[in-house]
1. Under the rule of -39500 (n - 2.57) per DSSP H run of 4 or more residues, summed and divided by the residues of the chain, what mean residue ellipticity at 222 nm is obtained, to the nearest 500 deg cm²/dmol?
2. Could you check which residue among Gly13, Gly108, Gly62 shows the biggest mean-square fluctuation in a GNM of the chain with a 10 Å Cα cutoff?
3. Relative to the longest principal Cα axis of the chain, at what angle does helix 4-25 sit, 0 to 90 degrees, rounded to 10?
4. About the Cα centre of the chain, what is the dipole size in debye to 20, counting +1 per Lys and Arg Cβ and -1 per Asp and Glu Cβ, all else neutral?
5. Just the accessible area per residue of the chain, please: how many Å² with a 1.4 Å probe?
6. Mean projection of the alpha-carbon convex hull of region 1-99 over all orientations, in nm²?
7. When the accessible area of the chain is split by element with a 1.4 Å probe, what percent falls to carbon and sulfur?
8. What Kirkwood hydrodynamic radius, in Å, does region 73-126 give when the mean of 1/r is taken over all pairs of distinct Cα atoms and then inverted?
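The values are calculated or read from the model by the stated rules, or taken from the named source; none is laboratory data. No experiment lies behind these values; they were computed from the predicted model shown. Cβ sites come from the backbone with ideal geometry, for glycine too, and all protein chains shown count toward neighbours. To get the accessible areas, we keep the full protein, side chains included, count just its heavy atoms, and leave off ligands, DNA and RNA. Shrake-Rupley method; radii C 1.70, N 1.55, O 1.52, S 1.80 Å.
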Amino acid sequence: MMNATEWIVVLAGLAAIAWVNWYFFLAGRTTAEAALSAGGVQQVTITVQGGYQPAHVKVKQGAPVRLVFDRQETSGCSEEVVFPDFGIRKFLPAHRQTTIEITPERAGSYEFTCGMSMLRGRLTVE
């Protein structure tokens, strides 16, 4: 039988697990639709600072997409962005903007992450 101290440790551990999952998978998720620029390119700027803002981007299928990652920190976790479904892994220099261009040919939902898979975002192609 567990004593009160052991129960407190177990409950604190469960609370820490819940907080970590909330922070990395649910907190601060915003959605943006890419704006159509001259030349028919869909463009959105994604701020990288402790996560991706917006963390969810909607684009149209078959049209070129320009994702501008504006990294505003020096955290080692955010120094890369990875789009596994598109075979893209790109270094993001601190305090600079880095552009990734793709043309999604199929509708679907595609995840992008930092190099350590701790920061997560989603690209939805409609």
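1. -6000 deg cm²/dmol
2. Gly13
3. Taking the Cα atoms of the chain, the angle to 4-25 is about 0 degrees.
4. Magnitude of the dipole: close to 220 debye.
5. Heavy-atom accessible area per residue stands at 58 Å².
6. Quarter of the Cα hull surface area: 9.2 nm².
7. Taking all protein chains in place, the chain shows 58 percent carbon and sulfur surface.
8. Kirkwood hydrodynamic radius for region 73-126: 11.8 Å.
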